[in-house]
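Okay, so here's the structure we're looking at.
The values are calculated or read from the model by the stated rules, or taken from the named source; none is laboratory data. No experiment lies behind these values; they were computed from the predicted model shown. Backbone-built Cβ (ideal geometry, glycine too); neighbour counts: all protein chains shown.
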């Protein structure tokens with residue numbers, strides 16, 4: 001799938017009322033508040049109305065990383081979007097979670113509250129490459 005095809009799907013499928021974006025732990029989802037075609041807002045608070053937004057540029061950045069066969073971890077995100085990461089580390093897993101939701105990435109648990117993302121390929125369930133990098137949400 002090309003980025004243009006994926007972007008079109010994200011615009012139409014990742015909308016309020018959707019089942020939500022999987023958190024890094026893999027046992028809970030974040031509600032989608034809005035998708036204006038430039039950024040997606042996600043509820044981050046369980047008992048509050050706190051929300052964070054990610055841009056389509058951030059999603060494309062992660063997509064480009066996994067498409068060339070690399071593992072997308074929080075280091076990539078921190079290096080490119082350091083201010084946004086400091087403001088809300090959950091943005092990393094929102095970006096990865098959107099790619100998982102679209103079927104383009106696989107979430108790889110990497111500790112209690114950590115995960116990595118790689119391209120979702122048919123043979124990923126057969127073991128895949130060894131993962132040695134840590135990523136904190």
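What tally of residues in the range 2-22 results from selecting those that are closer than 27 Å to residue 114 by Cβ, out of contact with any strand residue (DSSP E or B) (no Cβ under 6 Å at 6 or more places or on another chain) and assigned to a loop (DSSP other than H, G, I, E, B)?
The number of residues fulfilling the criteria is 1.
For the range 50-78, name all the residues that are in contact with a helix residue (DSSP H, G or I) (Cβ under 6 Å, 6 or more places away or on another chain), under 22 Å from residue 37 (Cβ atoms) and assigned to a strand (DSSP E or B).
Across the range 50-78, the qualifying residues are 52, 54.
Checking the conditions here, which among 118, 107, 91, 30 is under 23 Å from residue 7 (Cβ atoms), crowded, with 18+ Cβ neighbours inside 10 Å and without any contact (Cβ under 8 Å) to a residue 40 or more places away in the chain?
Residue meeting the stated conditions: 91.
Considering only residues of the range 34-45 that are over 20 Å from residue 83 (Cβ atoms) and exposed (fewer than 15 other Cβ atoms within 10 Å of the Cβ), which is modelled with the lowest pLDDT?
Among those residues, the one meeting the criterion is 45.
Regarding the range 79-87, can at least one residue be identified that is modelled with pLDDT of 65 or more, in contact with a strand residue (DSSP E or B) (Cβ under 6 Å, 6 or more places away or on another chain) and either farther than 17 Å from residue 66 by Cβ or surrounded by fewer than 20 Cβ atoms within 10 Å (Cβ to Cβ) (or both)?
There is no residue in the range 79-87 that is modelled with pLDDT of 65 or more, in contact with a strand residue (DSSP E or B) (Cβ under 6 Å, 6 or more places away or on another chain) and either farther than 17 Å from residue 66 by Cβ or surrounded by fewer than 20 Cβ atoms within 10 Å (Cβ to Cβ) (or both).
Residues checked against (1) within 15 Å of the chain's Cα centre (by Cα); (2) more than 18 Å from residue 106 (Cβ to Cβ); (3) crowded, with 16+ Cβ neighbours inside 10 Å:
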| residue | (1), (2), (3) |
| --- | --- |
| 16 | no, yes, no |
| 22 | yes, no, yes |
| 47 | no, yes, no |
| 52 | yes, yes, yes |
| 58 | yes, yes, yes |
| 65 | yes, no, yes |
| 77 | yes, no, yes |
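Looking at (1) at pLDDT 95 or above; (2) under 12 Å from the mean Cα position of the chain (by Cα); (3) part of a helix (DSSP H, G or I), which is the one condition that is false for residue 91?
(1)
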